[in-house]
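Q: The structure's right below; bear with me while I get my questions together.
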Amino acid sequence: MPTLASRVVLALVLTFLIGPFVIIILAGLSAGNSLAFPPDGLSLKWYLKVFTVESFQASFALSMFLAVFGTLAALALGVPAAYALNRYDLPGAETVRIIVAAPIIVPGIIVGLALLRYLVVPTGVGVTLALFLAHTALVLPYAVRVVSSSLHNLRADMEEAAVLLGCTRLQAFFKVVLPNIRAGVLAAFILGFVTSFNQVPVSLFLSGPGVRTLPIDMLAYMEITYDPSVAALSALLAFLSVAIVFAAEKFLGFSRYV
Amino acid sequence: MFENRTTGFALALPAAIFTAALFMVPVGILLSEAFRADGQWSLSGYVEFFSEPLNRTVFWRTLKLGVLVAATSAVIGYGAAFAITNLDGRRRGQVFGLVVLPLMISPVARTYAWIVILGRTGIVNDAIVGLGLSETPVRLLFTETAVFLGLLQLFLPLMIISLVSAMENMPRDAIPAARVLGANWLQVFTRVILPLTREGLVMGGTLVFTGSLTAYITPAILGGSKVLMLETLLYQRVNVANDFVSASVIAMILIVMSFSANLLLKRIATARR
Amino acid sequence: MMRYLPVLTAALGLAAGAAQAAENTLTISVYSFAQDAFKEAVYDPFEEICGCELVVETGNSVERMAKIEAYAADPVVDMAVMSAHDALALARKELLAPIDTSKLSSFDQLYPAAQDPLGGNLGVGYTFYATSIVYRSDLVEVNSWADLLSDEVKGRVALPAISTTQAPLVLMMLGQALGQDDILQTIDTVGENADDIVTFYERSSQLAQLMQQEEVIAAPIGRFAWSRFRGTDLPFEWAEPAEGQTGGMNVMVMTRGNGNEDLALQFMDYWLSTEVQTRLAELGIDSPANAAVEVSAEAAENLTYGAELINSLTIMDPAVILDQREAWIDRWNKTVIQ
């Protein structure tokens with residue numbers, strides 16, 4: 001494909017994907033009282049206001065906790081599963097695959113409602129724990145799929161060679177396989193983090209007294225106060241995420257692997 | 001393939017048991033309500049659902065938008081993924097970061113951005129009127145077009161990511177080799193790129209299609225009750241009527257649609273082998 | 001990571017247990033609206049007085065109702081506020097306990113309509129709201145509910161979705177203006193005009209945005225949302241239609257068997273007191289149900305205030321809403337959004 005054409009394609013795609021983001025940043029800078037583009041004068045007041053809304057602080061902490069630890073838990077379960085599904089000839093492998101993939105296709109509202117009615121209420125587990133379990137289950141399919149995809153393209157005979165050279169299976173995994181699927185694992189982490197962090201429908205029913213995830217809190221805030229502070233908050237969150245991706249890039253050499 | 005099945009199971013089963021116990025059981029109980037009527041097993045929930053003309057309209061609209069969004073994102077996704085993989089390392093990381101970026105932004109805020117963009121006084125209408133395509137602003141909000149654009153923007157990055165990682169894993173010389181052997185770009189695409197990236201296409205397609213089916217915020221805000229989709233209809237049933245049977249029926253339909261799409265895509269992908 | 005998982009799970013369990021173990025707490029379920037202001041005006045001072053901890057649960061009314069229903073056997077929520085017909089729905093499912101109104105010192109000062117709106121003392125009204133039409137006076141004029149379907153606002157009017165609390169009220173008034181006495185008939189009329197209606201909204205906050213960008217120039221709203229429109233520089237006007245304004249009431253209820261009745265009553269008493277009702281009114285948050293409340297003219301502008309106005313409102317019987325809603329939704333789905 002000629003270079004010019006690819007440049008045009010990329011420019012158009014990026015405009016479509018990033019344009020609304022730019023508009024959100026600018027709308028958050030508005031000096032007026034409503035979400036508008038072009039903004040109604042410039043001011044930082046909405047960006048500053050974000051930090052004064054108390055409930056945002058608690059819900060941000062909860063969402064961050066769920067996204068990081070839910071995803072790590074999902075990887076802890078998902079990487080071994082993906083490895084087993086790719087490297088072992090298991091009877092019923094397809095069943096395992098379908099079970100693990102199930103959360104992705106069940107509408108979130110039903111998940112939230114089901115967990116509230118048949119897990120939280122009868123067993124009395126805390127809402128926070130239910131949220132943690134739900135988010136782990138939701139992220140698990142991404143972890144398994146993305147890591148599987150990486151493993152699929154990594155030839156098994158490299159590990160065989162390592163084993164022949166005296167490694168145990170476990171050593172071979174950590175010395176040969178893991179470094180080669182690092183990008184996949186990282187991609188799975190980022191995908192999982194984002195999925196969890198922005199998840200709305202599941203968390204809708206799984207919010208207890210004083211326990212609410214950030215997006216639910218934003219929706220609730222927006223239902224009442226239609227000012228640009230939600231735009232400002234979104235922009236700040238996006239900047240935070242960009243910082244994470246950049247850090248991943250810098251310390252792990254993300255782009256060399258993706 | 002390794003022989004030791006015990007190890008294999010020990011690695012695979014924790015994930016499966018976790019999901020089965022904490023996810024499938026509660027959801028399964030809830031879904032079973034969709035097969036019950038008057039204390040007996042019954043399919044009457046489904047018969048009733050499809051006998052409503054509104055529900056049929058919503059069903060077809062959801063399927064149509066899901067397919068359109070998935071197909072459009074595949075077409076755009078291949079172009080973008082190919083362009084990205086051809087960039088040099090540094091640039092590639094930057095562009096990839098920009099593609100991932102929208103995923104970081106709360107769908108709530110991204111959807112609201114479209115209200116500003118597509119509104120009567122928004123930039124799209126300014127352009128339409130400015131270019132003389134229409135004398136008065138066109139009503140774009142609360143139409144299928146708005147929902148389509150919102151969903152496409154929401155899920156296109158997932159397709160691009162899937163395709164990029166698939167293309168990354170293609171042997172580097174496959175395309176030049178095919179070109180040297182005289183294949184044109186169409187042949188390169190159908191005979192080399194497509195077969196070698198089908199995993200990514202299946203994954204991306206499934207993610208985009210199921211994402212579109214189960215998205216709530218985008219159809220709710222950009223479509224409203226004039227452009228209902230199955231997910232917003234489901235929410236309405238729970239929200240307005242506390243009608244968990246209809247909600248379970250719709251959930252079941254969504255699940256069947258997603259499963260079928262997944263199987264169908266896999267079938268198509270393997271058929272090309 | 002595997003190694004840390006049990007530790008993590010245990011930590012989570014501990015945190016959850018600790019939160020539930022606290023003695024002398026009152027859990028209330030309220031609309032998510034203006035929580036920062038409520039905290040300052042009601043919750044914090046009450047915690048001082050009772051020496052207890054207040055746990056506040058928010059969300060939309062159906063979520064909150066679903067939760068109260070799910071926890072029926074062992075209520076988590078002790079006291080809740082919601083629309084009169086939602087409360088009646090809970091009452092019919094026997095999820096509510098009667099309120100001992102002799103413990104409410106301001107009870108006699110409440111407007112008569114607020115004293116026992118559900119029957120059996122199952123709820124007490126704590127705020128009223130009027131519902132009318134807000135419009136852009138620079139672009140159109142509205143004098144009647146029938147103007148919602150006029151040529152002037154064609155293609156630029158929004159109506160509340162049938163699922164909202166406002167929809168039945170608006171349909172009732174629109175029907176009155178059109179000389180129809182059955183809401184089903186009015187729904188059919190709306191259906192014939194569906195193409196000329198921009199959207200059927202679920203949240204009035206979204207409407208403020210749509211009206212600023214001139215997507216919509218007239219729409220019915222509750223008075224509680226009015227300050228959002230008044231706060232902008234654009235010429236918004238509150239219509240006083242020939243057929244009058246409609247409106248409704250929100251009520252406070254007590255869940256059945258919550259084991260925390262005394263504290264819940266103490267809290268209700270506090271909220272209904274002239275002191276707190278005045279404070280909420282002056283902040284423009286909730287219009288008073290306590291007739292002894294007096295507010296400044298400036299604050300009154302945002303409220304549904306004064307015996308004359310409140311007695312003039314055409315309020316719909318919550319039982320009618322509850323009994324008919326399914327039929328209205330059915331007809332709406334067939335004729336309006338088909």
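The values are calculated or read from the model by the stated rules, or taken from the named source; none is laboratory data. This one's a predicted model, so the numbers in the text were calculated from it and none came from an experiment. All Cβ positions, even for glycine, are placed from backbone atoms using ideal geometry, and neighbour counts span all protein chains on display.
Q: Considering only residues of region C:185-202 that are of a type in the set (A, V, I, L, M) and buried (at least 17 other Cβ atoms within 10 Å of the Cβ), which is nearest to the other protein chains (Cβ to nearest Cβ)?
A: Looking at the filtered set, the residue picked out is C:198.
Q: Of these, C:278, C:232, which one is assigned by TED's automatic domain parsing to the domain that holds residue C:81 and over 18 Å from the mean Cα position of the chain (by Cα)?
A: Numbers: C:232 fails: assigned by TED's automatic domain parsing to the domain that holds residue C:81.
Being assigned by TED's automatic domain parsing to the domain that holds residue C:81 and over 18 Å from the mean Cα position of the chain (by Cα) holds for just one of C:278, C:232, which is C:278.
Q: Within region C:203-238, count every residue that is in contact with a helix residue (DSSP H, G or I) (Cβ under 8 Å, 6 or more places away or on another chain), surrounded by fewer than 22 Cβ atoms within 10 Å (Cβ to Cβ) and part of a loop (DSSP other than H, G, I, E, B).
A: The qualifying residues number 4.
Q: Please pick out the residue among A:170, A:186, A:151, A:129 that is more than 9 Å from chain B (Cβ to nearest Cβ) and surrounded by fewer than 16 Cβ atoms within 10 Å (Cβ to Cβ). So that I can check it myself, show each step before the final result.
A: Values: A:186 fails: surrounded by fewer than 16 Cβ atoms within 10 Å (Cβ to Cβ); A:151 fails: surrounded by fewer than 16 Cβ atoms within 10 Å (Cβ to Cβ); A:129 fails: surrounded by fewer than 16 Cβ atoms within 10 Å (Cβ to Cβ).
Exactly one of A:170, A:186, A:151, A:129 is more than 9 Å from chain B (Cβ to nearest Cβ) and surrounded by fewer than 16 Cβ atoms within 10 Å (Cβ to Cβ), namely A:170.
Q: Taking the conditions exactly as written (in the same structural domain as residue C:64 (by TED's automatic domain parsing), under 24 Å from residue C:118 (Cβ atoms) and either aromatic (Phe, Trp, Tyr) or not in a helix (DSSP H, G or I) (or both)), does residue C:252 satisfy them or not? Walk me through it before giving the result.
A: On the way: in the same structural domain as residue C:64 (by TED's automatic domain parsing): yes; under 24 Å from residue C:118 (Cβ atoms): yes; either aromatic (Phe, Trp, Tyr) or not in a helix (DSSP H, G or I) (or both): yes.
Yes: the conditions hold for residue C:252.
Q: Can you tell me which residues in region C:30-69 are of a type in the set (Val, Ile, Thr) and either in contact with a strand residue (DSSP E or B) (Cβ under 7 Å, 6 or more places away or on another chain) or at pLDDT below 80 (or both)?
A: C:30, C:55, C:56, C:58, C:62, C:68
Q: What helices (runs of 4 or more DSSP H) lie completely within region C:19-79 and have 2 or more residues being within 11 Å of another protein chain (Cβ to nearest Cβ), on the phi < 0 side of the Ramachandran plot and in contact with a Leu (Cβ under 7 Å, 6 or more places away or on another chain)?
A: Values: elements: C:35-38, C:44-50, C:61-70.
In region C:19-79, C:61-70 are the helices (runs of 4 or more DSSP H) which contain 2 or more residues that are within 11 Å of another protein chain (Cβ to nearest Cβ), on the phi < 0 side of the Ramachandran plot and in contact with a Leu (Cβ under 7 Å, 6 or more places away or on another chain).
Q: With the requirement that a residue be without any contact (Cβ under 8 Å) to a residue 60 or more places away in the chain and either within 24 Å of the chain's Cα centre (by Cα) or closer than 30 Å to residue C:214 by Cα (or both), what does region A:40-64 give you? Reasoning before the result, please.
A: Let us first name the residues in region A:40-64 that are without any contact (Cβ under 8 Å) to a residue 60 or more places away in the chain, namely A:40-45, A:48, A:51-52, A:54, A:57, A:61.
If the condition is that a residue be without any contact (Cβ under 8 Å) to a residue 60 or more places away in the chain and either within 24 Å of the chain's Cα centre (by Cα) or closer than 30 Å to residue C:214 by Cα (or both), then A:40, A:41, A:42, A:43, A:44, A:45, A:48, A:51, A:57, A:61 are the ones that fit.
Q: Taking region B:30-66 only, how many residues are among the hydrophobic types (A, V, I, L, M, F, W, C), assigned to a helix (DSSP H, G or I) and surrounded by 14 or more Cβ atoms within 10 Å (Cβ to Cβ)?
A: So the first thing to find is which residues in region B:30-66 are among the hydrophobic types (A, V, I, L, M, F, W, C), and the list is B:30-31, B:34-35, B:37, B:41, B:43, B:47, B:49-50, B:54, B:58-60, B:63, B:65.
Okay, now just the ones that are also assigned to a helix (DSSP H, G or I), so B:30-31, B:34-35, B:47, B:49-50, B:54, B:58-60, B:63, B:65.
Narrowing the set further to residues that are surrounded by 14 or more Cβ atoms within 10 Å (Cβ to Cβ) leaves B:30-31, B:34-35, B:49, B:54, B:58-59, B:63, B:65.
Number satisfying all stated conditions: 10.
Q: For region B:220-259, which residues satisfy the criterion of being acidic (Asp, Glu) and buried (at least 21 other Cβ atoms within 10 Å of the Cβ)? Show your work before the answer.
A: Start the filter on region B:220-259 by keeping residues that are acidic (Asp, Glu), which leaves B:231, B:243.
Of everything in region B:220-259, just one residue is acidic (Asp, Glu) and buried (at least 21 other Cβ atoms within 10 Å of the Cβ), namely B:231.
Q: Okay, next question. From the set of residues in region B:197-215 that are more than 12 Å from the chain's Cα centre (by Cα) and at the interface with chain A (Cβ under 10 Å from one of its Cβ atoms), which is nearest to residue A:199 (Cα to Cα)?
A: B:200
Q: Mind listing whichever residues of region C:58-71 are of a type outside the set (A, V, I, L, M), buried (at least 21 other Cβ atoms within 10 Å of the Cβ) and closer than 12 Å to residue C:255 by Cβ?
A: C:64, C:67
Q: Go through region B:161-243 and tell me which helices (runs of 4 or more DSSP H), entirely inside it, have 1 or more residues that are modelled with pLDDT of 90 or more, out of contact with any strand residue (DSSP E or B) (no Cβ under 6 Å at 6 or more places or on another chain) and hydrophobic (A, V, I, L, M, F, W, C). Give the steps one after another, and end with the answer.
A: Numbers: elements: B:174-180, B:198-214, B:230-241.
It comes to B:198-214, B:230-241.
Q: Considering only region A:74-122, state which residues are over 18 Å from the mean Cα position of the chain (by Cα), at the interface with chain B (Cβ under 7 Å from one of its Cβ atoms) and not in a helix (DSSP H, G or I).
A: A:88, A:89, A:90
Q: One residue is enough: does region B:1-15 have a residue meeting the conditions surrounded by 19 or more Cβ atoms within 10 Å (Cβ to Cβ), over 30 Å from residue A:110 (Cα atoms) and within 10 Å of another protein chain (Cβ to nearest Cβ)?
A: Yes, there is a match, as at least one residue in region B:1-15 is surrounded by 19 or more Cβ atoms within 10 Å (Cβ to Cβ), over 30 Å from residue A:110 (Cα atoms) and within 10 Å of another protein chain (Cβ to nearest Cβ).
Q: Then there's this: If you go through region A:97-115, how many residues are crowded, with 24+ Cβ neighbours inside 10 Å and among the hydrophobic types (A, V, I, L, M, F, W, C)?
A: The total comes to 8.
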